[in-house]
Amino acid sequence: MTDDKDVLRDVWFGRIPTCFTLYQDEITEREAEPYYLLLPRVSYLTLVTDKVKKHFQKVMRQEDISEIWFEYEGTPLKWHYPIGLLFDLLASSSALPWNITVHFKSFPEKDLLHCPSKDAVEAHFMSCVKEADALKHKSQVINEMQKKDHKQLWMGLQNDRFDQFWAINRKLMEYPAEENGFRYIPFRIYQTTTERPFIQKLFRPVAADGQLHTLGDLLREVCPSALAPEDNPTPKRQGLDVQACAQKMGKKRTK
Amino acid sequence: MPDSVLWAVDLFGRVYTLSTAGQYWELCKDTQLEFKRVSAATQCCWGIACDNQVYVYVCASDVPIRRREEAYENQRWNPVGGFCEKLLPSDRWPWSDVSGLQHRPLDGVALPSLHWEWESDWYVDENFGGEPTEKGGWTYAIDFPATYTRDKKWNSCVRRRRWIRYRRYKSRDSWAKIPSKDDPKQLPDPFNDLSVGGWEITDEPVGRLSVWAVSLQGKVWYREDVSHPNPEGSSWSLMDTPAEAAQISCGPHDLLWVTLWEGQALVREGISRNNPKGSSWSVVEPPTSENGIMHVSVGVAVVWAITKDRKVWFRRGVNSHNPCGTSWIEMVGEMTMVNVGLNDQVWGISCDDRAMYFRQGVTPSELSGKTWKAIVAGRESDRSHSGSSLSLLSAGCFFGDEVRGSGESCAPSDTDASSDAERPGPDQPVPAESLDCPGDPKGSSASGPGTSRTTEHPAEVASPATQTPRPEPRPGPACTPAEVPWTNIDLKEPKKTPSHPLAGLPETTGLSSLEVLPLGLEEPYGADDHPLWAWVSGGGCAVEAHSVLKWFSVQLGLSPSVQTLSLSITPAQTAAWRKQVFQQLTERTKRELENFRHYEQAVEQSVWVKTGTLQWWCNWKPHKWVDVRVALEQFTGHDGARDSILFIYYVVHEEKKPGVRRFRSRVWTWHRLASHAVYIHVFLNEVTALVPVLNEAKHSFALYTPERTRQRWPVRLAAATEQDMNDWLALLSLSCCESRKVHGRPSPQAIWSITCKGDIFVSEPSPDLEDPAHPLPCDQMFWRQVGGHLRVVEANSRGVVWGIGYDHTAWVYTGGYGGGCFQGLASSSSNIYTQSDVKSVYIYENQRWNPVTGYTSRGLPTDRYMWSDATGLQECTKASTKPPSLQWSWVSDWSIDFSVPGGTDQEGWQYASDFPASYHGYKTMKDFVRRRCWARKCKLVTSGPWLEVAPIALGDVSIIPESPGASGNGHSVALWAVSDKGDVLCRLGVSELNPAGSSWLHVGTDQPFASISIGACYQVWAVARDGSAFYRGSVSPSQPAGDCWYHIPSPPKQRLKQVSVGQTAVYALDENGNLWYRQGVTPSYPQGSSWEHVSNNVRRVSVGPLDQVWVIANKVQGSHSLSRGTVCHRTGVQPHEPKGQGWDYGIGGGWDHISIRANATRAPRSASQETAGERSGEQGLPSGPAQVAGALQESLGPVCC
């Protein structure tokens, strides 16, 4: 997949139309208009909502403003989940645009991490990348990179620059020609139905008999329930769809 | 790397080959004979058959082995009858050889053996040193022997002419018997062992081999005159030996070892280019006195030996200077024989199960390798037998219909693995047997304890494979406990599970494990399922460190399931998935975005900047590398189109340079430098080429724009590391391609070119490129790089593209793009393959004569360096000379190059009166200096959209340009080539779908050729090595090879070197850089009438299907500098003005080759066409650098060699 620019671009430029509304209990000086945005699926909420924040702060008193947080139908949205993941997990069946409620008060300490600045997002993102590379290349690739490469990777994400991001990320996605793939596939499976935040296991890309694993094999092994016959999603289809978009984060998401 | 084969003989005398690309042993095509021994080289295999006769098997090739026989007809003039056969009594024979000393009537010239046939009848040679002769090929002289001329003069008293006839070696792909050496008067003394080697000693004659043999009485014989054109050799010569020899091994180079019946080894000393038979013997004692050496095998720098107790030994310290080596090292494993092949790779046959092993991990730095690994390849015969029953996995009937006859007598059960088992058939002669296994009575059980001391159960002693925990069958502790790749373990599973009763199959577990099989199971297998090997020869088998061999794992007959599994994800499936994924993504985008496009983007598209530190070759004097900051900014326009600017910031300490703007306030981190920092910038949509310039010291690249091309002064930037440079190159090139909307594979009309570094560039022709009125200036053409490394590339408009590497390997374009340093996004995901190339680096050793000491390396103070380059200006010592760039690495040691022009003496010296002068290969009284050339090979490994067309190496290639408007109409694409040896070849079966074609058709010539070109109307022109041209008559789709050659003299006093034919135009290039146009070519007289001079200063010419003429010019002066090797376009070429009028200069500086023969794109018709003739006059005249006024600094182009 890493060499298929069309797919990569489509994944990268995935956008979710979103309508932000201020929570009704927030005290405002005048009525707050909803704010409409196209959110990049591969980014993080707190990274791309500067405009939202600015928009609503205009109608609020300075003293009422504290850390912003988001919620969808009562569920606080974890900023450290990619936007696409949050949407697929919580709202994919609802009508678009995605209605997100904006809060400035009562930060749900037990549900959410604080996000004091974009440095926190960066730290989280880089740790995900590093974890993924540990699985893929025993961290060799990420460790061989220079600081500026890490920065470029991050800046690429932050500024939504596909080329900038992929100029570096392709190195993370390569493996020696003589091998059949990464050492392990970095993935996480998120489910709404369970208490566990996600499933994560060591999983080799190639089966013991030399056969390449598919996403279906992975799901069969780590999450058979996802393949329950009743909803019968063809795992490859559903999976590959999100796999490409998620692999760079070191995660794979399914509902 | 082309496939090569390993030769082996099984116990029944059947000869098998195993390809490096295959996984099955294939039975030798000629199965008439059974063999005791084989010894292979790449092009042939020698063997001793069970009739004790020697045979040679010459592998088939598309190029025939042909030799010319010639005879001279001599005549003398007399006043009565004019020239007649009546000669003076003192004269030579009327029919003679070239010297006149030997009588040689035409009907007296016989074929040397049954294996030759005549190609045609005798005919007169009418070509006299490149010039055609008149009057039946006669050449005239005053008297015999004298200088002959083609013109008859008043004093021409004698004349002669040459008759030619070709014979062809016909016994290819079959065993040809070599006449016995035996004198009928003496008792027969059959050969006992034989070894082929010595192909690296010298290149002359081509394919020269040393063939050594040992007779039963212990005598050593040498076969004289064995070479590619004379595969049988001429006669056997007896060599003196101090004792009776038992076995012999000859390495590719100068190693030759012989084992003696007494157990010592004899080493031949003094083998060299001038004396391939060597001069003297030395004795090497066996490792231990009680167990003598039984078998020895040598490579380039290694000697392996087997002693009588079957132990394997490696000789330490062996090289050309010390062929005896220093000491023995015992290796693990017990073998009956070992054989060293190409690259010093080693194969062995184990003594207890007769399985074949390959020594893994043999590298130049670790010649002794790491472990023995069993070759478990099946046999072709097994496959064909089992082919019908692939699904019957557990039936065990794969082997049911095997022919059992001869095998049954020696069923390979353990009890039989005694001396009886070694004697497979009654026809196996005793002598061979006794050498095979002198210590044989010990049998397997006796040797067992030696093999596996860890075993406890005597019954299983001989089955070390079942003892070891590892799955691979290895001869006991032979395998050092090296790590076993996990895939091997895992691959094992599916083999065993589905075929449970087959679990003990001998292929995997070794012969001896048969004994542990349940009794009832023995029957279905028969005796013949596991090859029992007697002999192996790797002399024709090229395995390199990175070679991937399929010999060790998956085996048909055992695990078709594995095969199907590993193929379970087919390319078609992948493509289907991709399509599906892409479709879903598109649907997703539609679903989630279609109605919301008016929404604001969360992240505003900002300018993206890649910044970095590079070095820049500064624009003004003194030119030097200066550190610069570099930034790439990309903007996305409202239409989604992207544009990029490259900024190069440098610091100046003096006043502003003209043409450089002040740094404006920008928010870069180095803004503190603002007061001193200035920048130049380049719009990437103006960039016409990005050229990597790798040399020993710098990773740099050159960036051209039309303006910079005219200046001959590109922007040159250097990065600190290769990776850094590749990143920048890939990124900049991607940006350039994007801004020009150039994507994917080059179009079939693309123009291909190559720099002197072997880098490949391709340009999409714009429709107005060949507009006769207003052609696009060719400095505006955009060139992008394609991965790979080539010397020649030729294309045609049906998308067939061929290339030739520096090592003459032929390559065909696969349709991919990228590769090389362009990876990831800039490269196609498929059709990219590893490509390697080899070239030689030359340095010269110079010496001056002085009266006291003769020639020494002490020169005069004014002399050149005593070790120098060819010019003598640069000092180049063996130690200091490095490969041309960091991409290259040495693959050989320095060796004397004897093939330099002018000839050499036996030590490679060339003599001259002084430096620099013309050198000759013999010493005269007046020669005070001498030099010799040393060559060292280096190799580059890269990747690109190229696949090798094995096995014939090429010197030139030409593909038919398709006439504009002509449809492909189903004909295959005509493709002609000249092999590196000068054979003319015509490729059959070339099409868009199969650009590599299927096979070569050899086209006979009377001399080696150098260059070839086929025009759009099937006019084939060629240039022979003597510098004259030839036209091939009657070539057509139905007669692809034509019928005969017409000799066309070269322009006066010039030797042609290249020819190119377009639609109708024929251009040729001579060795002095003159470009010639063939005048008077008409359909009825396609040979034309004369050569007309067009231009000098030309290095390479390419004429296209529109008769457009493009060349590589030697030197072109720009406003800032001069570039060598520049792409130029002939302007003003019109039907009534086919020679054109001037040149338009394009990209340059190190360009070596161009092919515009794919571009048949005519300019859209325009009104301006009428005025075309007038306008073209304003272009400049053909110009050498001397004609350009205002010559500025003369410096080499950036990529100049």
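The values are calculated or read from the model by the stated rules, or taken from the named source; none is laboratory data. Because the structure is predicted, anything quoted here is derived from the model rather than measured. Cβ placement follows ideal geometry from the backbone for every residue including glycine, while neighbour counts extend to all protein chains displayed. We work out accessible area using only protein heavy atoms, side chains counted, and drop any ligands, DNA or RNA first. Shrake-Rupley method; radii C 1.70, N 1.55, O 1.52, S 1.80 Å.
Observations
- Segment B:30-86, subset open to solvent by 50 Å² or more (accessible area, probe 1.4 Å) and of a type in the set (Lys, Arg), residue farthest from B:Val978 (Cα to Cα): B:Lys86
- Scoring A:Trp12 on the criteria (1) more than 9 Å from chain B (Cβ to nearest Cβ); (2) touching a residue at least 60 places away in the same chain (Cβ under 8 Å); (3) under 18 Å from A:Cys115 (Cβ atoms); (4) of a type outside the set (Val, Ile, Thr) leaves a single failure, condition (3).
- Any hit, segment B:626-638, residues being at pLDDT below 75 and either assigned to a helix (DSSP H, G or I) or more than 13 Å from chain A (Cβ to nearest Cβ) (or both): yes
- A:Tyr175 being away from chain B (no Cβ under 13 Å) and either within 30 Å of B:Thr721 (Cα to Cα) or not in a helix (DSSP H, G or I) (or both): no
Condition check ((1) surrounded by 24 or more Cβ atoms within 10 Å (Cβ to Cβ); (2) within 30 Å of the chain's Cα centre (by Cα); (3) polar (S, T, N, Q)) across all residues:
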residue	(1), (2), (3)
B:Ser1028	no, yes, yes
B:Gly1042	no, yes, no
B:Trp1045	no, yes, no
B:Trp1076	yes, no, no
B:Val1098	yes, yes, no
B:Ala1113	yes, yes, no
B:Gly1118	no, no, no
B:His1129	yes, no, no
B:His1136	no, no, no
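- Of the residues making up segment B:261-288, those that are part of a strand (DSSP E or B) and either open to solvent by 10 Å² or more (accessible area, probe 1.4 Å) or among the charged types (D, E, K, R) (or both) are B:Arg268, B:Glu269, B:Ser280, B:Trp281, B:Ser282, B:Val283.
- Contact map, segment B:593-608: first residue more than 7 Å from chain A (Cβ to nearest Cβ) and open to solvent by less than 40 Å² (accessible area, probe 1.4 Å), second residue at pLDDT below 70 and assigned to a strand (DSSP E or B), Cβ cut-off under 7 Å, separation 6 or more or different chains; the map is empty.
- Subset of segment B:690-718 [open to solvent by less than 10 Å² (accessible area, probe 1.4 Å), aliphatic (A, V, I, L, M) and either in a loop (DSSP other than H, G, I, E, B) or touching a residue at least 60 places away in the same chain (Cβ under 8 Å) (or both)]: B:Val691, B:Val693, B:Ala702, B:Val715, B:Leu717, B:Ala718
- Just one of the listed residues (B:Thr924, B:Thr1005, B:Thr942) is of a type in the set (S, T, N, Q) and in contact with a Gly (Cβ under 7 Å, 6 or more places away or on another chain), namely B:Thr942.
- Residue, farthest from the chain's Cα centre (by Cα), within segment B:320-362, restricted to residues that are within 16 Å of B:Ile306 (Cα to Cα) and among the acidic types (Asp, Glu): B:Asp352
- Scanning segment B:49-94 for residues that are over 51 Å from the mean Cα position of the chain (by Cα) and of a type in the set (S, T, N, Q) turns up B:Asn78, B:Ser90.
- Residues (more than 8 Å from every other protein chain (Cβ to nearest Cβ) and of a type in the set (D, E, K, R)) located in segment A:149-162: A:Asp149, A:Lys151
- Comparison of A:Arg196, A:Arg188 shows that the only residue that is charged (D, E, K, R), touching a Gly at 6+ places or on another chain (Cβ under 8 Å) and more than 12 Å from chain B (Cβ to nearest Cβ) is A:Arg188.
- Some residue of segment B:678-695 being more than 18 Å from B:Leu646 (Cα to Cα) and either more than 32 Å from the chain's Cα centre (by Cα) or of a type in the set (D, E, K, R) (or both): no
- A:Phe165 satisfies every condition listed in (1) open to solvent by less than 20 Å² (accessible area, probe 1.4 Å); (2) part of a loop (DSSP other than H, G, I, E, B); (3) at the interface with chain B (Cβ under 10 Å from one of its Cβ atoms) except (2).
- Single residue of A:Asp6, A:Asp25 found to be charged (D, E, K, R), surrounded by fewer than 19 Cβ atoms within 10 Å (Cβ to Cβ) and more than 9 Å from every other protein chain (Cβ to nearest Cβ): A:Asp25
- Filter result for B:Val891 (of a type in the set (Val, Ile, Thr), open to solvent by 30 Å² or more (accessible area, probe 1.4 Å) and under 26 Å from B:Gly955 (Cβ atoms)): yes
- Residue count for segment A:174-218 satisfying the condition of being at pLDDT below 80, open to solvent by less than 40 Å² (accessible area, probe 1.4 Å) and either assigned by the TED database to the domain that holds A:Ala132 or of a type outside the set (Asp, Glu) (or both): 8.
- Residue within segment B:848-856 that is part of a loop (DSSP other than H, G, I, E, B) and of a type in the set (A, V, I, L, M) present: yes
- Total residues in segment B:139-189, condition more than 41 Å from the chain's Cα centre (by Cα), assigned to a loop (DSSP other than H, G, I, E, B), surrounded by 15 or more Cβ atoms within 10 Å (Cβ to Cβ) and hydrophobic (A, V, I, L, M, F, W, C): 2
- Residues that are outside any loop (DSSP other than H, G, I, E, B) and open to solvent by 10 Å² or more (accessible area, probe 1.4 Å) occur at least once in segment B:206-221.
- Selected residue (only one of B:Thr853, B:Thr862 is open to solvent by 40 Å² or more (accessible area, probe 1.4 Å), among the β-branched types (Val, Ile, Thr) and at pLDDT below 80): B:Thr862
- In the set (1) crowded, with 17+ Cβ neighbours inside 10 Å; (2) outside any strand (DSSP E or B), the condition left unmet by B:Ala8 is number (2).
- Any hit, segment B:722-735, residues being open to solvent by 10 Å² or more (accessible area, probe 1.4 Å), assigned to a loop (DSSP other than H, G, I, E, B), touching a Leu at 6+ places or on another chain (Cβ under 9 Å) and over 30 Å from B:Pro1135 (Cα atoms): no
- Condition check for B:Gly758: within 12 Å of chain A (Cβ to nearest Cβ) and under 28 Å from B:Asn796 (Cα atoms): no
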